[in-house]
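One structure is given below, encoded as structure tokens.
The values are calculated or read from the model by the stated rules, or taken from the named source; none is laboratory data. Since the structure is predicted, the reported quantities are computational estimates derived from the model, not experimental observations. Using ideal geometry, Cβ is built from the backbone for each residue, glycine included, and neighbour counts are taken over all protein chains shown. The protein model used for the area step is the full one, side chains on, heavy atoms only, and it has no ligands, DNA or RNA in it. Shrake-Rupley method; radii C 1.70, N 1.55, O 1.52, S 1.80 Å.
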Amino acid sequence: MTRPRRPIAGGAFEDVAGEIPRRRWGARPSERFLGPLMLAPAVLYIVLLVAGPLVFALYLSVSNATTGSPTLEFVGPANFLRAMQSPIFRSALTNTFLFTIVAQVLVMILGNITALALQQPFRGRSLARFLILLPWATPISLAAIGWKWMFDSLYSVVNWMLKVAHIIGPTDFPQWLGVPSLAMASVITVHVWRTFPFSAVVILAGLTSIPQEVLDAAAVDGAGYLQRLFHILIPMLTPILAIAFLFGTVFTFTDMGVVYILTNGNPFNTTHVLSSWAFQVGIIAGDLGQGAAVALFLLPVLLIGAITMLRFASRAETGV
Amino acid sequence: MAVAERRIGPPLTALRIGGRALLYLTVVIVTFLASFPFIWMLITAFKQNSDLYNIKNNPFIFNAPPTLFHVQLLFRETLFSQWLVNTALVGGVVVIITLLVAVPAAYSLVRLTGRWGQRVGIGIFLTYLVPPSLLFIPLARVVAELSLQDNLWALVLVYPSFTIPFCTWLLMGFFKTIPGELEEAAMVDGCTRLGALWRIVLPISVAGLLTVVIFAFTLSMQEFVYALTFVSPSAQKTVSIGVPTDLVRGDVFYWGSLMAGALIASVPAAILYSLFLDRFIAGLTAGALK
Amino acid sequence: MKDEEPSKWVRVSDNRWRRVTRRDLLKIAAAGAAAASVGPFANIQFAFAQQRRLTILHWSHFVPGYDRWFDGEYVKEWGRANNTEVVVDHIPFGQIPARAAAEVAARSGHDLYQHISPPPQYEPEVEDLTDLNEPLIKKYGQIELAKKSSYNPKTKKWFGLSNSWVPDPGHYRKDLWDEAGYVPDSWDNVLLAGRKLKAKGVPVGIGIANDIDANMVMRDIMWSFGSAIQNASSEVTINNKNTVEAIKYVRALFKEAMDPEVLAWDASSNNRAMLAGKVSYVFNAISIARTAEKDFPQLSPQIQIWKPPRGPNNLGGKRLGAQHVMLVYTIWKFLPDDRKRLAKQFLVDFINSWSRAFKAAELYEFPSFTGTVPDVRAQVMTDAVAARLENNPGKYRELATATQWSTNVGHPGYANAAEGEIFDTGILPQMMALAATDKMSAEDAAKWADAQIKPVFAKWKGRGLM
């Protein structure tokens, strides 16, 4: 059941090329209130615990609130302007995009490879599946602490392994958390490590829905493995790849935990992302208004990105 | 073997052996990348401190005899077992709440609300994108007003605010793939709409429901900003915040116990997920493609 | 009267208290069970059920023994004596601001909130503790850095009560420094010895990152070169040639005597580096020395303590080191009056018994009210562990003079909200790092810091707190 289908006479179903025929199964007049009623608890939850607080956060961002003071005075866009003037904010903005995009591209590649591999039967597949799922099952705070030690300036397990594999020399000891470029790479690594199992599973799900006949037909026509991969499989997988990309992007873009625990913005505030910098400014340093302003920069971007992805996903699947 | 074996084409013998080797190599590399931190954590949890803090030592073997000291510290000096129970409890109740709220909502958006339902669905998903680091201040007020401050139930109240949007959208996609005839037929036979939902749709959707369960549980187990803000008594903490609190004292990290804690918290969840993986994939296949 | 039997005061009604012994209690309980109304005793059972409650929020202390003493012994004793159930919660020290912000937003929280750095930004929301501080100062005397960390001279309000603070001396590898032929008594020596020691593979270990250790030492260096972020009247004074000299010094130290890893350090990195034998000089509270005693006994005798170094142009003419941790309690204004009273009473009793806390903290914490531990020097000079391990009971002797060389964040002014924000956003280490890694010249780095700092001061002044 991977394509929308419509029943036709004779008890069969036919594919629907375009819209999802919802109207056929719409609400009956007697059920006019049932729909909204069933929707109500969810809407209530969201209004009370997300929308309401969000409006308050919006208000904070145009006020001079601090963590220590109850009085709020309206200051207009001052917080946003001041935030944009801060060089740390600008680097946080860039980093947020950079980390997310690079991490997700890597996740897509790694996730695809993993999914293709896990699809085949082989001995020990259950064990492999379990091990591959572990990064996703770990609470992020604990995983990040573990990685912090693995990148440690003295005891780094990563460096030890690189030395043993003769990838780095005996006197080299890259400071994974001490040099801006390496620190960024470390943050990206942890994001990739944490998210790729989940993407692999999503892609694996997509793979299982590709009809085998199409692939076999192509093989019979003489297409090689890579050709089949790139010209048939990946195009057919596009909607699911888009979904996996979207999910992963959302997790990474808004995430504060990895940066906060792993580097806390170090070296000298070069690895902050918007959410961790917002936390630092708003909560740790006490300027709540500015912290809210910084965090709110996430929203428009996410909205645009998410809507784009969703449109892309639905268009791709219907073959437009 | 519920995960179907898809081959990218009919195998040729020579290619098959080469392909097989490549497959195993890929699997080994990927599995290693995912799991070497855990192997290292496992060893570290049992290493003596003098072994652990010696730069020259191989981190993957026991240079001094292994010790149970860190694990004992974890269980005796901290309330780790309580935190595990708390985490499981919060996760479980959040899952139930999510199911109870998201299932009717998703069904309603797909069947009963027409065109604007799709838009509301996307809108609901988008609220997931609002980060906790922004919301936790106003939510602290809400929690205090309800006298739930420093209580585990504050987390149970707040976590569905991000699991519900996500899972509603997921379920919507899944329900769309179920042809409406089944419910129509049942209702023609005298069933109510809700009865149709309960008796027809849900049994088919077990995979989708399982997806929701796994997502909601993962999201609530991982969460740490709200857990930090709303709960400070040790007995009410979850693993995600309890372990860093008690095992990081000032500038001293109790690495052995930290790693033991990380492992014990993750392994059961990973086992559960991998058991459900087949069902989970079936759920995602149908749900996500729409 | 039944003086020979232990008895307690029991609240019979809102303003009547009666002395009751255990025998009385049993009688009452029996009577209460037998008869519905027993006159003035009718409320006693309720009184016991409505025991008062006091909630305290603490960090997870570096010294686990302190938490065991405080949570397990002291508060239980005090609770019994005051018919109160005392609950102590712990959070990681890095989360203290987050939790405070949440409690303010929620208008509900712990009765006593412990901060580990001065909390002036909460002034609008906390009780004025003048009525606690002034009598205690009269009785015990107070060190200046404690006053500057808990008092606002502009509003004349005591926003907190500081029970203790933690000095931040230098730890050095005596064996290596002896070989190099120096003691870490001046910043010049640190650079000279550091060059030699780096060549030997044991460089200096001073972080230049956004964390508590680095922030403190960068301030030490600034003061040693005659500069500071603000002056005593809270005016920004950072952009001057002394700052430029300080930045140049740090750049030289970084390039010639340290490894680039220090840019990534957090509060625990210098501990690990020192204990692994990888660095020869760090600044820290005595947690390093104590950990060495416990886990690295062979190394422990080589690690010795020294005062913060002199600089070429010490501000105020004497050497200065920032305090490492400043323990200040605040009481939220929005709590009910009876809880605030109880919290205040706890604080007063605690300060009066503080000599016991001093012992439990194993020389990590020093008294803010000097008279609470009259024999500080004697206790410092006779440390039992150091005596046992290396026959050196005076190992921690430098701490005996700590009040002379320690000062608050914000010196020569007060620890105000602007200084707090500058500290928490790591401006000073970032300024140093930008120059040390040649991203900016020293002059530009000072200008850059000035540009970051001035708006913060303006903002907090605008709120009337400075």
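Quick rundown of the values:
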| item | result |
| --- | --- |
| Förster radius 45 Å - calculated FRET efficiency between A:Tyr59 and A:Asp216, Cβ distance, rounded to 0.05 | 0.15 |
| Carbon + sulfur, % of accessible area of chain C - ligands and nucleic acids excluded, 1.4 Å | 52 percent |
| Potential extension, A:Ser181-A:Val164 segment - 0.36 nm per residue separation minus Cα distance | 3.8 nm |
| Cα shape, region C:261-338, gyration tensor, a/c 1.5 rule | oblate |
| Extreme residue, positive dipole direction of region B:78-288, given options B:Leu275, B:Pro233, B:Pro179 (C-beta unit charges) | B:Pro179 |
| Label-point gap, in nm, between C:Thr370 and C:Trp306 - each point 7 angstrom along Cα→Cβ | 2.7 nm |
| Average beta carbon contacts from partner chains per residue of C:421-430, 10 Å cutoff | 5 |
| Those residues of region C:282-325 for which accessible area with every protein chain present is at least 20 Å² below the isolated value (1.4 Å probe) | C:Asp295, C:Phe296 |
| Size of the A/C contact, given as accessible area buried on both chains, probe 1.4 Å, in Å² | 3000 Å² |
| 0 to 90° range, to nearest 10: angle between helix C:442-462 axis and chain C longest Cα axis | 30 degrees |
| Pairwise label distance in nanometres, C:Glu144 with C:Thr401, each label 7 Å out on the Cα-Cβ vector | 1.7 nm |
| Three-way shape label, region B:78-288, alpha-carbon gyration tensor, a/c 1.5 | prolate |
| Accessible carbon and sulfur surface of chain B relative to its total accessible area, %, 1.4 Å | 68 percent |
| Per residue, in Å², the accessible surface of the protein assembly as shown once ligands and nucleic acids are set aside, probe 1.4 Å | 37 Å² |
| Net charge of Cβ neighbours under 13 Å - reference C:Thr425; Lys, Arg +1; Asp, Glu -1 | -3 |
| Total accessible area lost when B and C pair, probe 1.4 Å, Å² to nearest 100 | 2400 Å² |
| Residue-averaged beta-carbon neighbours from other chains (10 angstrom radius) around B:35-44 | 5 |
| Three-way shape label, region C:301-451, alpha-carbon gyration tensor, a/c 1.5 | oblate |
| Expected 222 nm ellipticity per residue - DSSP helices of 4 or more, -39500 (n - 2.57), all of the protein assembly as shown, to 500 | -17500 deg cm²/dmol |
| Inter-label distance for A:Leu44 and A:Leu98, nm, one decimal - labels placed 7 Å from Cα along Cα-to-Cβ | 4.7 nm |
| Interface area, B with A, accessible, probe 1.4 Å, both sides summed, Å² nearest 100 | 10700 Å² |
| Nearest-0.05 FRET efficiency for B:Phe32 and A:Leu226, computed from C-beta distance (R0 30 Å) | 0.75 |
| List of region A:177-203 residues, accessible area with partners at least 50 Å² below that of the chain alone (1.4 Å probe) | A:Trp193, A:Val201 |
| Principal-axis tilt of helix C:212-224 within chain C, Cα atoms, nearest 10 degrees | 60 degrees |
| Alpha carbon centroid spacing (whole Å) that separates region C:349-390 from region C:295-323 | 20 Å |
| GluC sites (Glu not before Pro), loop per DSSP, at most 15 other Cβ atoms within 10 Å - longest free stretch of chain C | C:236-466 |
| Cα centroid separation - region A:48-97 against region C:136-194, whole Å | 36 Å |
| Rounded to 10°, Cα long-axis angle of helix C:241-257 versus longest principal axis of chain C | 80 degrees |
| Length gained when the stretch B:Leu146-B:Thr192 is fully extended (0.36 nm per residue, less Cα-Cα span) | 12.9 nm |
| Difference of contour (0.36 nm per residue) and Cα-Cα distance, C:Gln345 to C:Ala276 | 20.3 nm |
| Carbon plus sulfur fraction of accessible area for region A:187-249, probe 1.4 Å, in percent | 68 percent |
| Listed pairs C:Lys76/C:Lys156; C:Lys248/C:Lys454; C:Lys157/C:Lys461; C:Lys241/C:Lys278 exceeding 25 Å between Cα atoms | C:Lys76/C:Lys156; C:Lys241/C:Lys278 |
